[in-house]
1. Taking the Cα centre of region 60-119 as origin and charging only Cβ (+1 Lys, Arg; -1 Asp, Glu), how large is the dipole, in debye to the nearest 20?
2. Treat each spin label as a single point 7 Å out from the Cα along the C-beta direction, and report the Val147 to Ser24 distance in nm.
3. Please state, to two decimals, what the Cα-based radius of gyration of region 63-154 comes to when divided by 2.2 N^0.38 Å (N = residues).
4. Residues of the chain: accessible area per residue at 1.4 Å, in Å²?
5. Ignoring ligands, DNA and RNA, what percent of the accessible area of the chain is carbon or sulfur (1.4 Å)?
6. Name the most mobile residue of Leu268, Leu239, Leu113, meaning the one with the largest mean-square fluctuation, in a Gaussian network model of the chain with Cα contacts below 10 Å.
7. I want to check the label-to-label distance for Asp263 and Phe325. Put each point 7 Å from Cα in the C-beta direction and report it in nm to one decimal.
8. For the chain, give the magnitude of the charge dipole about the Cα centre (Cβ charges: +1 Lys/Arg, -1 Asp/Glu; no others), in debye to the nearest 20.
Amino acid sequence: MSPSVSHSPPLFRPDLATLEAARSAIAGTIRSTPITPSADLSHRLGVPVLLKMEHHQVTGSFKLRGAANAVAGLSQADKDKGVVAVSTGNHGRALAHAAKAAGVRCIVCMSNLVPANKVESIRALGAETRIIGKSQDDAQEEVDRLVAAEGMTLLPPFDHPAIIAGQGTLGLDLLDQAPEVETVLVPLSGGGLIAGVAAAVKAVKPGIRVIGISMDRGAAMVESQRAGRPVQVEEVASLADSLGGGIGLDNRYTFPLVRDLVDDLITLTEVEIADGMRHAYWRERQVVEGAAAVGLGALIAGKVEIHGPVAVILSGGNVDMAQHFRVMGGGEA
Ligand SMILES: *Cc1c(COP(=O)(O)O)cnc(C)c1O
């Protein structure tokens, strides 16, 4: 009998040469985001705490790194036919922008349950939109049709080598800016970000620790790692909405990379995520979405074992401002 897929080594692990190539490929598209010490958390924890301000990335999240790298890696023939995605969130925004910057046609498919402002913001970034049916599955059918009938390329949000390598450039940048870092806190959903970042920082500094952080309900990667194979989880509404969704039962790349490269997984309650958002605002003067606040939330909740300087990735800022206002109304953490 062949060994089960989940125990075989990763099919892809970006090495330094691949990550450096990704960094050059996306240099003209992305912004270099600052890393800033948090005086408050450094004082509280007794070690330097550094915030990687990736919520200031173009399109509001790190996802532009992966999308730009994946578009850059297409053959001219594939660029001529264009790219498609199903995401309504940060991946859709990033792909729309990356494709437009490269002069590549982009269609983002979504169901008619998606709010009009989200559809409009993807259109404003230069993508065509197709509103199909009542569910994500209906939208996926239209994507499959565009791939089969028009030869367009589907670029998924995380389980793809070029996406993982693109997200990994954030790890290279982080250690260039702060080589003293010993622990990196990374928001975790499908695992493209943490797989890329872990591969990058461990290639440069093998002893560094990488910790993934998710919400405590509906965290597909965390549940899958506990089960030892990709599993489906029920989706639950969360302040960290960008961390929702499955990892795919046919996950190929990110499940084994997370298993092999991530040192620890932490989960947070909704109150702890809100505390992270409030800390970002009141103490750091930063507006971040719930998904981006989980590193701060984990530190404030005392859930991270501290050994030396810590970097916290603030992964995105695309929060509904009315929701942000309501969370801030809960006062300072
Ligand atoms: C997509 C996303 C994440 C999670 O990234 P994965 O690669 O899916 O693990 C975290 N934060 C924000 C803001 C995101 O958009």
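The values are calculated or read from the model by the stated rules, or taken from the named source; none is laboratory data. Since this is a predicted model, take the numbers as computed values, not measurements. Neighbour counts run over all protein chains shown; Cβ positions are idealised from the backbone, glycine included. Keep in mind that these areas ignore ligands, DNA and RNA; they rest on the heavy atoms of the full protein, side chains included. Shrake-Rupley method; radii C 1.70, N 1.55, O 1.52, S 1.80 Å.
1. On the way: 8 positive and 2 negative charges, 27 e Å.
Using Cβ point charges on Lys, Arg, Asp and Glu, region 60-119 gives about 140 debye.
2. 3.0
3. Ratio of Cα Rg to 2.2 N^0.38 Å: 0.99.
4. Value returned for the chain: 42 Å² of accessible area per residue.
5. 52
6. Checking each option, the largest mean-square fluctuation is seen for Leu113.
7. The modelled label-to-label distance comes out at 4.2 nm.
8. Charge dipole of the chain: 500 debye, to the nearest 20.
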